[in-house]
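Worksheet for the structure shown next.
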Number of protein chains: 2
Amino acid sequence: MSENGPADAWDRLRALPMGTLVELTTADGARWRGAVVPPHEMSGDRVLQLKLPTGYNVGVRVGPTDQVTIVEAAPLNGNGGSTPSKTRPSSATGPWIGLLTTGGTIASRVDYRTGGVRPVREESEILGFYPDLERDGPVRVVPVFDRLSEEIGPPDWEEMARRTVDTFSKGASGVVVAHGTDTLAYTSAALSFLLEDLPGPVVLVGAQRSPDRPSSDGFTNLTAAVTLARHPELAEVVVVMHDGLSDDRFAIHRGTRVRKMHSSRRDAFRSRNGPPIGWIEGSTVHLVHPFRPRSTGSPRYTGPMGTGATILWFHPGLEPSRAEAFVAGARGVVIAGTGLGHVALSHLGWIKSAVARGTTVVMTTQCLEGVADPFVYATGRELARAGVLYAGDMLPETAYVKLLWALGRSDDPHAVAELMKTPKAGETEGRHEAEDHP
Amino acid sequence: MSENGPADAWDRLRALPMGTLVELTTADGARWRGAVVPPHEMSGDRVLQLKLPTGYNVGVRVGPTDQVTIVEAAPLNGNGGSTPSKTRPSSATGPWIGLLTTGGTIASRVDYRTGGVRPVREESEILGFYPDLERDGPVRVVPVFDRLSEEIGPPDWEEMARRTVDTFSKGASGVVVAHGTDTLAYTSAALSFLLEDLPGPVVLVGAQRSPDRPSSDGFTNLTAAVTLARHPELAEVVVVMHDGLSDDRFAIHRGTRVRKMHSSRRDAFRSRNGPPIGWIEGSTVHLVHPFRPRSTGSPRYTGPMGTGATILWFHPGLEPSRAEAFVAGARGVVIAGTGLGHVALSHLGWIKSAVARGTTVVMTTQCLEGVADPFVYATGRELARAGVLYAGDMLPETAYVKLLWALGRSDDPHAVAELMKTPKAGETEGRHEAEDHP
């Protein structure tokens, strides 16, 4: 339907429900087609925010004589941005996905006063950015908290895990966790250890650009995550993010084997020590590597996390006394050693003392790929003799998260060591051949 | 010339000079062709060590009736393994390369008593492993020390830098530093800052497998490094290691932008935040990106390094008091923050105190690629306001090494900050576009 009327184009546009699909032809001949999304508070007068078919948003300055065509009314089931999900018609039926929001760029926008990015506070604002999320079935938003991910810590992991169990218990067929990208991989590892007997996928997703920016990856990532969350077989904790720089391919990373490898690229997340479990292209999920299937039991929370552990990055010139001060009072420490898992032997003293005090000392490699292996060089053998646990091909971050989890389950260092050595959530595949990666 | 005699094959082989090219046909029909290299002390009786044309070594058990053919006598200019370079004929003329040996796998061998790897102690043994190194001109060995690289620290960097200057001063046209791989990239960054006005290339090289193992990459890497050290134009500190898993392509990494990214792969070294400067294929050097050319001045040592700095890996759950204890008394700290360079704001307190005490606090990203940028999120702006220096796209390790170097040049935190902000050795290319990498 076309409604080119004589009124000021801006006045007509302002009156449209969020989600209305419009075509706008400006006086200089540019033509924009997209869904109306909420304006920025600071975008100024006469700037229309449109979500383009690519998922990108654009702000267009509207002149009085611009031509406006309404292509399609806002979807009936809401989510056009002005309607919080709790007031949506309950007619949406079929299996539903729980969307846990925790803050982060995927739920942030540029603050035009400061030029920085601030979290979006309103649930309606979040859904306003992401029309079409319910294309294949209902999505229920579960606000957990609103935090930039560098502020998220172990108690928050516990909260997310409990809310995930709760959401499954209420009938969700899958759960999506929207999360800041900074510590997304720490959280995905934590949920991998904290959740057992999952009845469906737990998909963590983030965005490297806020959803109101033209280059935002939030829409495409979230759509892919919801698609995967509807998968009938997969039932483990995974991360879904862009794979490469195109908009149509997303990698499915195992929660315990993924790392943010670039501070800003959309394809920053990479599986380490093995390929992703699979990929999502459009609405098709390709699972090409083994995955954990749906459990017939009830989902279980295996927390709490322990406390008092840390990660020590060994480096040339690190004074043993400084390392010792860092680890003082800790129940556990993950060392990111060099190469196959080495430190200068001048550190043997404090390491032995720490082990003798009951501190669990875990060795990983700061290379971030390949194994930590004590049996190749004399240094490794010395450290293993001193009681250092070598973590194989576990990422330092994953080893740290697993250590916290193990410390939460036992006060006995021997039991903690056994938990560390026992594979639990795909976090290690044991010893790799040196060059078995493509 | 063929000399199949009736004597026991083993007795004949034992009498040959190191470096003799032989062909051995064993009783079971296997045929081996290669240069004789020194035996292991523990390889046992009747085991011949051969360096194959691929550069790989193999140990072959020799039966009394095996057929031995001498294909070519040991090269006249020695280096067959039994002749230390200092006693070689001085007839070798033309530009020479200084090969500084510092220990590490490239100068190690498997200790068959323990199954581990031990350093090779004898210069002759080192050269014995690497015949043909002088194919294109003389190489003079300069033993610096004999250390596994996890034991190498800032004073050793100073020693290597001084010995490099010294070697150039004695007339070398290029310098190769053979070094363990664990901390090779820290050393390459250190030499990049410690050396100025270089008259030729300084090429660091290592091996992921010891030279007596069939899969050793020592020979091919070292040959490529010597090839590059003869380059007539390049005059900066670089790392040369396998590029990919073939034996004929080597990457030339800038010394300040390289990282060991796998604990055991031969192509573990990767340039970060940009491509390698170039590649070496066979004896051809392809320099495809800008490089620092030969200086007409005299090479200068810009040390010493300062002391009292460290790297702190921020992670969820890191207690501010633990971080504060770690940094206590430090003159500088490089934080490997999350994403664009963030920490939980609960750490602002100790960071502000440290800055107030004159500690230089530098922010990098634990992603290891992309920039640390304070201007995108409120957290970054808070940290920058607190006096944290954002290091752009500098690697955490490079920022740490540069910080030590800057602390060695000034006691004034303002001067240290200026040094940190001023590009010196290609360690940063400033702000990258978010997705400008292939």
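The values are calculated or read from the model by the stated rules, or taken from the named source; none is laboratory data. Treat the numbers as computed from the prediction; the structure is a model and nothing was measured. Reconstructed Cβ throughout: ideal geometry from the backbone, glycine too, with neighbour counts over all protein chains shown.
Values as computed for the structure displayed
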| item | result |
| --- | --- |
| Pick from segment A:227-266, criterion in contact (Cβ under 8 Å) with a residue 60 or more places away in the chain and polar (S, T, N, Q), ranking: farthest from A:G392 (Cα to Cα) | A:T227 |
| Total residues in segment B:296-322, condition buried (at least 18 other Cβ atoms within 10 Å of the Cβ) and outside any loop (DSSP other than H, G, I, E, B) | 6 |
| Hits in segment B:17-31 - residues which are farther than 24 Å from B:E134 by Cβ and modelled with pLDDT under 85 | B:T26, B:A27, B:D28, B:G29, B:A30, B:R31 |
| Conditions (1) within 14 Å of another protein chain (Cβ to nearest Cβ); (2) surrounded by fewer than 24 Cβ atoms within 10 Å (Cβ to Cβ): number failed by B:D248 | (1) |
| Subset of segment B:369-414 [in contact (Cβ under 8 Å) with a residue 12 or more places away in the chain and of a type in the set (G, A, S)] | B:G370, B:A372, B:G380, B:A386, B:G387, B:A391, B:G392, B:A399, B:A406, B:G408 |
| Candidates B:A325, B:A336, B:A330, filtered to the one that is assigned to a loop (DSSP other than H, G, I, E, B) and either in contact (Cβ under 8 Å) with a residue 40 or more places away in the chain or within 14 Å of chain A (Cβ to nearest Cβ) (or both) | B:A330 |
| A:A417, sole failed condition from (1) over 29 Å from the mean Cα position of the chain (by Cα); (2) touching a residue at least 24 places away in the same chain (Cβ under 8 Å); (3) not in a loop (DSSP other than H, G, I, E, B) | (1) |
| Matching entry among A:T422, A:T360 (being more than 14 Å from chain B (Cβ to nearest Cβ), touching a residue at least 40 places away in the same chain (Cβ under 8 Å) and over 22 Å from B:L148 (Cβ atoms)) | A:T360 |
| Pair list, Cβ under 6 Å, 6 or more apart: segment B:291-313 residue under 20 Å from B:G408 (Cβ atoms) and more than 8 Å from chain A (Cβ to nearest Cβ), other residue in a strand (DSSP E or B) and not aliphatic (A, V, I, L, M) | B:R300/B:E196; B:T302/B:E196 |
| Residue in segment B:1-16 that is nearest to B:S216 (Cα to Cα), counting only those that are modelled with pLDDT of 80 or more and assigned to a loop (DSSP other than H, G, I, E, B) | B:L16 |
| Any hit, segment A:346-356, residues being part of a loop (DSSP other than H, G, I, E, B), more than 27 Å from B:D373 (Cα to Cα) and out of contact with any Phe, Trp or Tyr (no Cβ under 6 Å at 6 or more places or on another chain) | no |
| Wholly enclosed strands (runs of 3 or more DSSP E) of segment A:236-278 bearing at least 1 residues over 24 Å from B:Y377 (Cα atoms) and of a type in the set (D, E, K, R) | A:249-254 |
| Conditions (1) modelled with pLDDT under 95; (2) under 22 Å from A:L404 (Cα atoms): number failed by A:R292 | (2) |
| Count of segment B:348-376 residues which are surrounded by 24 or more Cβ atoms within 10 Å (Cβ to Cβ) and modelled with pLDDT under 95 | 0 |
| Odd one out for B:V416, checked against (1) modelled with pLDDT of 95 or more; (2) surrounded by fewer than 16 Cβ atoms within 10 Å (Cβ to Cβ) | (2) |
| Filter pass, B:V177 being without any contact (Cβ under 8 Å) to a residue 60 or more places away in the chain, crowded, with 24+ Cβ neighbours inside 10 Å, more than 14 Å from every other protein chain (Cβ to nearest Cβ) and assigned to a strand (DSSP E or B) | no |
| Residue identified as surrounded by fewer than 24 Cβ atoms within 10 Å (Cβ to Cβ), out of contact with any helix residue (DSSP H, G or I) (no Cβ under 9 Å at 6 or more places or on another chain), of a type in the set (A, V, I, L, M, F, W, C) and in the same structural domain as B:W279 (by TED's automatic domain parsing) among B:A235, B:A229, B:A225 | B:A235 |
| Index of the failed condition, A:L383 passing every other in (1) in contact with a Ser or Thr (Cβ under 8 Å, 6 or more places away or on another chain); (2) crowded, with 24+ Cβ neighbours inside 10 Å | (1) |
| Meets criteria (out of contact with any strand residue (DSSP E or B) (no Cβ under 8 Å at 6 or more places or on another chain) and at pLDDT 95 or above) for A:T338 | no |
| Odd one out for A:E369 among (1) more than 7 Å from every other protein chain (Cβ to nearest Cβ); (2) touching a His at 6+ places or on another chain (Cβ under 7 Å) | (1) |
| Any hit, segment B:195-210, residues being within 14 Å of chain A (Cβ to nearest Cβ) and modelled with pLDDT under 80 | yes |
| Count of residues meeting criterion [within 7 Å of chain B (Cβ to nearest Cβ) and either assigned to a loop (DSSP other than H, G, I, E, B) or closer than 26 Å to A:S192 by Cβ (or both)] in segment A:376-396 | 1 |
